[in-house]
Amino acid sequence: MDTDAVVVGAGFAGIRMLIELQKLGLSAVALEAGSDLGGTWYWNRYPGARTDSESWSYCFPFPEIEQAWNWVERYPGQEEVQRYIGFVADRFDVRRNVRFGQRVTSARYDDTDAQWAITTEDGSCFTCTYFFTALGHLSVPQEPAFPGRDSFQGEVYQTSQWPKEKVDFTGKRVAVIGTGASGIQAIPHIAQAARHLTVFQRTPNYVMPAQNHDLDDDFRRTIKDSYPEVWSMARNHVFGFPMGPAGRTYDDVADGAERDRIFEEGWQAGGFHFVFETFDDLILDQRSNDAAAEFIRKKIRETVHDPATAELLSPRGYPYVSKRPPSGTNYYETFNRDNVSLVDISQNAIETLTENGLRTGGRDYEFDVIVFATGFDAVTGAISKIDIRGEHGVELKEQWSGGPETFLGIGSAGFPNMFMICGPQSAYANIPVIIEKVVEWLSRAIEHMREHGYRSMQPTPQAVEGWTKLVSDIFGMTLLPAGESAHSWYLGANTPGKPRRVLFYFGGAAGYFQELDKVADADFEGFEFSQTPAVAVR
Ligand code: N01
């Protein structure tokens, strides 16, 4: 099949891109491995899965959708988000352009006719001029290679590959391995049904209370009436949330009690409000960060009855936010239940899975069910699973053997017309807000090519080098590098053997948008264009 564009993935990014391609009058197909739309929200069906961006900013700024769609909860659950994506796709009539059950295995650029050939697992081939990846940052699950994995005779689940049928934990002895955002959401739900739940924790997290609740009609009306302001705030906010800055730093508040009052306000506001509405230098000033970290530890001590368990749950030794902080609902409270226990594996790695459970610290534990909540080969995992070859047959995997190198998180030198929607080194922020801007930018880029009769574009090696350095320099100005010791996936440090490379631009959503606009306004400076396959225009 030949189309103008192929989009790989039908989650938020893929659907948004399909809508844009339709507006541009281009033919397009999206290839999706799942059997329905949603991407992350298709695969992550574990109990308790929900966003930790507020629903009214975890969506697209299409006025007709904003008015027609009614969010049920402050933080929508997996099912609600997946339904939303389907609603958007149907309103714009793009579902018909999605091919489900199509896992892409290779993408080859043909130098002679400047076309991409995209092949899927079942041997189907799609040729196109524009090749978009919309793969998500967290789409390749990672299960540690525990010895004895196949010997365990009970049920095994991975949070991000959860079955469509409901899993019944009633009366069962369950293990959850991993206390990242997925584990933290799943644990309180599993605990309610299981006979006994044992949580295996390697690194404690700083868990903020989500303070989730249903929305009422008055609130929905207010939001619907104020979407222009919501988006204006989100686009100007460092992480793409409709929040203002806190307007103060650590040094502005000398009194410890007053600082705690401010933290308490953030805690009650819930989720990321604690990060962004307390002190503006939380990820820049160690003292500010220490104060926040100690406040959270105090909350854990107040919540968890057993002091030894509270101490094990208390993160120490790495800065707050240097590892992506999750939001939870009844997370710490769950450890007060009689049927829940916590096992610290920071010093005693899981030695092996056994026929009846697992062994750690020389002790055998027996389970009916083991749940892996062990995270993802983040950001580069999905793209590196596709055999991508650009000009002169150059392999992307080979080019990125020391870690990904991109310009703006969108393009890589030597890969003409391959556009990553939020690829490695794009902005770290509330993702729909970033997707929206990147898609607008890509639309402008395609219009620019059409206007000038260009056939293809790709970033120059100099632009890629400059961006990679900028991304790394910005990261180095924050407290985030210290997250490496706590296996932060921002750096790929959660994946054994993965080269360490800063995987995101941490200069904020607004900073990223300025960078994108600067490039586009200067006729896409940093990109080279080709009029015919053979002639490059610099
Ligand atoms: O994965 P994670 P996740 N032995 O990498 C542990 C997004 N998300 O799926 O911390 C024992 O955070 C590992 O231990 P450690 C969100 O961006 C969003 O939970 O590396 N344990 C850790 O505890 C999030 O950040 C939402 O020491 C091992 C856990 O497994 C991202 O997805 C919801 C181990 C993995 O935690 C990833 O979250 C869910 C081993 N060998 C996810 N290897 C919302 O928006 C790993 N672990 C709400």
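The values are calculated or read from the model by the stated rules, or taken from the named source; none is laboratory data. The structure presented is a predicted model; accordingly, all values stated were derived computationally and were not measured. All Cβ positions, glycine included, derive from the backbone under ideal geometry; neighbour counts span all protein chains shown. Note: areas computed on protein heavy atoms with side chains; ligands, DNA, RNA excluded. Shrake-Rupley method; radii C 1.70, N 1.55, O 1.52, S 1.80 Å.
Where helices (runs of 4 or more DSSP H) fall wholly inside segment 258-326, the ranges with 3 or more residues that are away from the ligand (no atom under 16 Å from the Cβ) and in contact (Cβ under 8 Å) with a residue 12 or more places away in the chain are 286-303.
For the residues Gly123, Gly154, Gly136, the requirement of being buried (at least 18 other Cβ atoms within 10 Å of the Cβ) and of a type outside the set (Asp, Glu) singles out Gly136. For segment 485-504, taking the residues that are within 11 Å of the ligand (Cβ to nearest atom) and assigned to a helix (DSSP H, G or I), the one that is most open to solvent (accessible area, probe 1.4 Å) is identified as Ser485. For segment 52-75, filtering for residues that are touching a strand residue (DSSP E or B) at 6+ places or on another chain (Cβ under 8 Å) and near the ligand (Cβ under 10 Å from one of its atoms) leaves 2. Based on this model, can you work out whether Phe529 counts as surrounded by fewer than 22 Cβ atoms within 10 Å (Cβ to Cβ), outside any loop (DSSP other than H, G, I, E, B) and over 19 Å from the mean Cα position of the chain (by Cα)? It is true that Phe529 is surrounded by fewer than 22 Cβ atoms within 10 Å (Cβ to Cβ), outside any loop (DSSP other than H, G, I, E, B) and over 19 Å from the mean Cα position of the chain (by Cα).
Taking the numbered list (1) open to solvent by 20 Å² or more (accessible area, probe 1.4 Å); (2) within 16 Å of the ligand (Cβ to nearest atom); (3) in a helix (DSSP H, G or I) in turn, Tyr332 passes all entries but (1). Within segment 142-184, the residues that satisfy the criterion of being within 8 Å of the ligand (Cβ to nearest atom) and touching a strand residue (DSSP E or B) at 6+ places or on another chain (Cβ under 7 Å) are Gln142, Phe146, Thr159, Ser160, Ile177, Gly178, Thr179, Gly183, Ile184. A single member of Ala427, Ala520, Ala445, Ala463 is in contact with a helix residue (DSSP H, G or I) (Cβ under 6 Å, 6 or more places away or on another chain), more than 16 Å from the ligand (Cβ to nearest atom) and in contact (Cβ under 8 Å) with a residue 60 or more places away in the chain, and it is Ala520. Could you please find all residues in segment 225-249 being over 23 Å from the mean Cα position of the chain (by Cα) and open to solvent by less than 40 Å² (accessible area, probe 1.4 Å)? Once the filter is applied, which keeps residues that are over 23 Å from the mean Cα position of the chain (by Cα) and open to solvent by less than 40 Å² (accessible area, probe 1.4 Å), segment 225-249 yields Ser226, Tyr227, Ala246.
Kindly provide the set of residues from segment 408-417 that are in contact (Cβ under 8 Å) with a residue 60 or more places away in the chain and either surrounded by fewer than 24 Cβ atoms within 10 Å (Cβ to Cβ) or outside any strand (DSSP E or B) (or both), ordered by number. Leu408, Gly409, Phe415, Pro416, Asn417, listed by residue number.
When segment 350-405 is filtered for residues that are closer than 28 Å to Gln185 by Cα, open to solvent by less than 60 Å² (accessible area, probe 1.4 Å), away from the ligand (no atom under 13 Å from the Cβ) and in a loop (DSSP other than H, G, I, E, B), the ones remaining, listed by number, are Thr354, Phe367, Asp368, Thr380.
Filter segment 63-81 down to the residues that are without any contact (Cβ under 8 Å) to a residue 60 or more places away in the chain and open to solvent by 30 Å² or more (accessible area, probe 1.4 Å), then identify the one that is nearest to Trp43 (Cα to Cα).
Across segment 63-81, the extreme among qualifying residues is Glu79.
Filtering segment 470-484 to residues that are open to solvent by less than 20 Å² (accessible area, probe 1.4 Å) and either of a type in the set (Lys, Arg) or in contact with a strand residue (DSSP E or B) (Cβ under 8 Å, 6 or more places away or on another chain) (or both) leaves only Val471.
Among the residues here, Thr478 does not qualify as more than 27 Å from the chain's Cα centre (by Cα) and among the hydroxyl-bearing types (Ser, Thr, Tyr).
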